[in-house]
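Trainee: One structure, pasted below without further comment.
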Amino acid sequence: MDFRIGDRVHVSGSGSTFAAYGEFFKENGLEEFKKDWDYGIGTPTGDYSVVATGKHHDSGYGTLYLLRGKDGKIYIMRNRQGDMALSEEGERKLKTWEMIKALTENPKLKFKSEDGHIASIFRTNFQLEYRNHNSNAGGNIRLLTEGGFKADEWELVPQPVSFTEAVKAAIEGKRPTIVLEGLRYTLIAEKSLRDIGYWLLFNCENGTTHSISTGMIDGLWTIED
């Protein structure tokens, strides 16, 4: 099972802790979290919040999760043999203050609200902005704290990935998508009959199946869990 940023998870075993993998933070651009991580300490059994995700330099490990405990400490985990599961709170949307906290810790994230606004860090001056899909209007953090709009629940915007990452996700059973010339395509990986590899299918939203194109190889894909 895959988890999203903001999920509440229960850890039942520490066998999948990466307690000595300090390079993870730099490799994934998550240095902000390292100050709260202790080398050599396993993840105690209990409930945690997923605050970030990343990859091991050995792709065979799959997705790694940064978990924050109630004491504020950070742990690196992967979900192996059911060591992690959604807690009773489970998957949920973030409140505005939680979204701001998540962006402060990881400026690469973006969040969206039901009313069509996007919240992200504006990198040139590190201000929090919002942007409505239907306009070019933007603003800074004052609009959030002074009631500039009514949105109070946010969900993570899936980050774009390369074609190679999209193929890996499809093999894992996910459904990567890409929009080309106004049409959405879904990448599906099917096991070959002789079990020697995968067939890649590119299904268009208009009901047709297409061969691969340069736009698919060079473009950015979106993976929604």
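The values are calculated or read from the model by the stated rules, or taken from the named source; none is laboratory data. The shown structure was predicted, so the numbers you read here are calculated from the model rather than taken from an experiment. Neighbour counts are summed over all protein chains in view; Cβ atoms, including those assigned to glycine, are modelled from backbone coordinates with ideal geometry.
Trainee: Could you count how many residues in the stretch 168-192 are within 23 Å of TYR61 (Cα to Cα), among the small types (Gly, Ala, Ser) and part of a loop (DSSP other than H, G, I, E, B)?
Mentor: First pass over the stretch 168-192, keeping only residues within 23 Å of TYR61 (Cα to Cα): 168-176, 187-191.
From the residues that got through so far, the ones that are among the small types (Gly, Ala, Ser) too are 169-170, 173, 189.
Among the residues that remain, those that are also part of a loop (DSSP other than H, G, I, E, B) are: 173.
The total comes to 1.
Trainee: Among the residues of the stretch 64-99, write down those that are exposed (fewer than 15 other Cβ atoms within 10 Å of the Cβ), modelled with pLDDT of 80 or more and closer than 24 Å to PHE111 by Cα.
Mentor: LYS70, GLY72, ALA85 - these are the residues of the stretch 64-99 that are exposed (fewer than 15 other Cβ atoms within 10 Å of the Cβ), modelled with pLDDT of 80 or more and closer than 24 Å to PHE111 by Cα.
Trainee: Scan the stretch 37-63 for residues that are under 16 Å from SER87 (Cβ atoms) and exposed (fewer than 15 other Cβ atoms within 10 Å of the Cβ) and jot them down.
Mentor: Within the stretch 37-63, PRO44, THR45, GLY46, ASP47 meet the criteria.
Trainee: Moving on. I want to confirm something. Restricting to the stretch 7-16 and keeping residues that are within 19 Å of the chain's Cα centre (by Cα) and either surrounded by fewer than 20 Cβ atoms within 10 Å (Cβ to Cβ) or hydroxyl-bearing (Ser, Thr, Tyr) (or both), which single residue is nearest to LYS95 (Cα to Cα)?
Mentor: ARG8
Trainee: Return the residues of the stretch 193-225 that are surrounded by 10 or more Cβ atoms within 10 Å (Cβ to Cβ), part of a loop (DSSP other than H, G, I, E, B) and free of Cβ contacts under 8 Å to residues at least 40 places away in the same chain; say none if nothing qualifies.
Mentor: GLY197, GLU205, THR208, ILE212, SER213
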